[in-house]
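Step one of this worksheet: look at the structure below.
The values are calculated or read from the model by the stated rules, or taken from the named source; none is laboratory data. Just so we're clear, the structure is a prediction, and the values are computed from it rather than from any experiment. Using ideal geometry, Cβ is built from the backbone for each residue, glycine included, and neighbour counts are taken over all protein chains shown. To get the accessible areas, we keep the full protein, side chains included, count just its heavy atoms, and leave off ligands, DNA and RNA. Shrake-Rupley method; radii C 1.70, N 1.55, O 1.52, S 1.80 Å.
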Amino acid sequence: MQLIFATHNQNKAREIQQMLPPGMQVKTLSDVGIVEEIEENGDTISENSKIKADYVYLRTNQDCFADDSGLEVNTLGGQPGVKSARYAAEHGNSQANLALLLDNLSGIADRAAQFRTVITLIYEGSIHIFEGICRGQIIDQPRGSGGFGYDPVFIPEGYAITFAEMDSEEKNRISHRALAFRKMTDWLKEKAS
């Protein structure tokens, strides 16, 4: 059985492949001839996840899934949220995004935040949603050299170090993305058995 992952990232696909039951194979967009970037113009993380999954399903008529993630800060009304990658206007400029976030939180005591991942799986024509949330706090100054995006300022609940200070194995065990993918793969394993 084949599942198309709405990504061009082979590393992400490999990571999911290791979690899936035997006989289930993950293909990337590149593997199935979709070379264009899928426009993510939803107002929420959930909408973007669904937009990408729908796009792939309409193009291929095959089982597929897509994920979208973002950082949600309580006192900022859930921002940057769906705009996490382009918070400071330019897509993917992590330094500018981080600087804007810290600027917007300057002088604010409540720094509760959460990373959220939403996966939309289209399986045998039906839509299934899986969500992973990792709660924590935003600190004043970046710490650590690992990870990406907002990892240097996010300390998950129960920890004293940022995502960027963790080794990848530990981060992948507790992260929002890992939690959502675990829910999806557990569901798929149950279906396959």
So, with points 7 Å from each Cα along the Cβ direction, the Arg86-Asn61 label distance in nm works out to 3.2 nm
Of the candidates Ile155, Ile34, Ile119, which one comes out as most mobile in a Gaussian network treatment of the chain with C-alpha springs shorter than 10 Å? Ile34
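If the only charges are +1 at each Lys and Arg Cβ and -1 at each Asp and Glu Cβ, what is the size of the charge dipole of the chain around the Cα centre, to the nearest 20 debye? Let's see the in-between values first.
Values: 19 positive and 27 negative charges, 72 e Å.
Computed charge dipole of the chain: roughly 340 debye.
Within 10 Å of each candidate Cβ there may be at most 15 other Cβ atoms; applying that plus a DSSP loop requirement, which chymotrypsin sites (Phe, Trp or Tyr not before Pro) in segment 85-123 survive? Working shown, then result.
Numbers: sites: Tyr87, Phe115, Tyr123; in loops: Tyr87.
The qualifying sites: there are none.
Evaluate the charge dipole of segment 81-193 about its Cα centre and quote only its size in Debye, nearest 20, assuming +1 on the Cβ of each Lys and Arg and -1 on the Cβ of each Asp and Glu.
Working: 13 positive and 14 negative charges, 54 e Å.
So the magnitude is around 260 debye.
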Probe 1.4 Å - accessible area at Met1, Å² to nearest ten: 90 Å²
Considering only Gly23, Gly146, Gly132, give the residue with the highest GNM mean-square fluctuation for the chain, with springs between Cα atoms whenever their separation is below 10 Å. Gly23
Under 5 Å, built H, 5+ apart or other chain: amide partners of Glu72: Gly81, Gln114, Phe115, Arg116
Connecting C-alpha atoms closer than 10 Å in a GNM of the chain, tell me which of Gly33, Gly81, Gly144 has the biggest fluctuation. Gly33
Excluding ligands, DNA and RNA, the carbon-plus-sulfur percentage of the accessible area of segment 1-73 with a 1.4 Å probe reads 45 percent
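Which GluC sites (Glu not before Pro) in segment 9-58 pass both tests, a DSSP loop state and at most 11 other beta-carbon atoms within 10 Å? Each step should come with its number before you reach the end.
Working: sites: Glu15, Glu36, Glu37, Glu39, Glu40, Glu47; in loops: Glu36, Glu37, Glu39, Glu40.
For GluC sites (Glu not before Pro) across segment 9-58 that sit outside H, G, I, E and B with at most 11 neighbouring Cβ atoms in 10 Å, the list reads Glu36, Glu37, Glu39.
Which of the GluC sites (Glu not before Pro) found in segment 100-173 are in a DSSP loop and have at most 11 neighbouring Cβ atoms, other than their own, within 10 Å?
On the way: sites: Glu124, Glu131, Glu157, Glu165, Glu169, Glu170; in loops: Glu124, Glu157.
Counting only loop positions with at most 11 other Cβ atoms within 10 Å, the GluC sites (Glu not before Pro) in segment 100-173 are Glu124, Glu157.
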Out of residues 5 or more away from Gln25 or on other chains, whose amide H comes under 5 Å of its own, with H placed 1.01 Å from N in the peptide plane? Gln2, Leu3
The relative contact order of the chain, taking Cα pairs under 8 Å that sit 6 or more residues apart, comes to a percentage of 17 percent
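With the other protein chains left in place, how much accessible area per residue, in square angstrom, belongs to the chain at a 1.4 angstrom probe? Don't skip to the end; give the middle numbers.
Numbers: 9730 Å² over 193 residues.
For the chain, the solvent-accessible area averages 50 Å² per residue.
So which of Lys50/Lys171; Lys83/Lys191; Lys83/Lys189; Lys27/Lys189; Lys12/Lys191 end up more than 24 Å apart by C-alpha?
Values: Lys50/Lys171 26 Å; Lys83/Lys191 34 Å; Lys83/Lys189 33 Å; Lys27/Lys189 18 Å; Lys12/Lys191 22 Å.
From the list (Lys50/Lys171; Lys83/Lys191; Lys83/Lys189; Lys27/Lys189; Lys12/Lys191), the Cα-Cα distance tops 24 Å for Lys50/Lys171; Lys83/Lys191; Lys83/Lys189.
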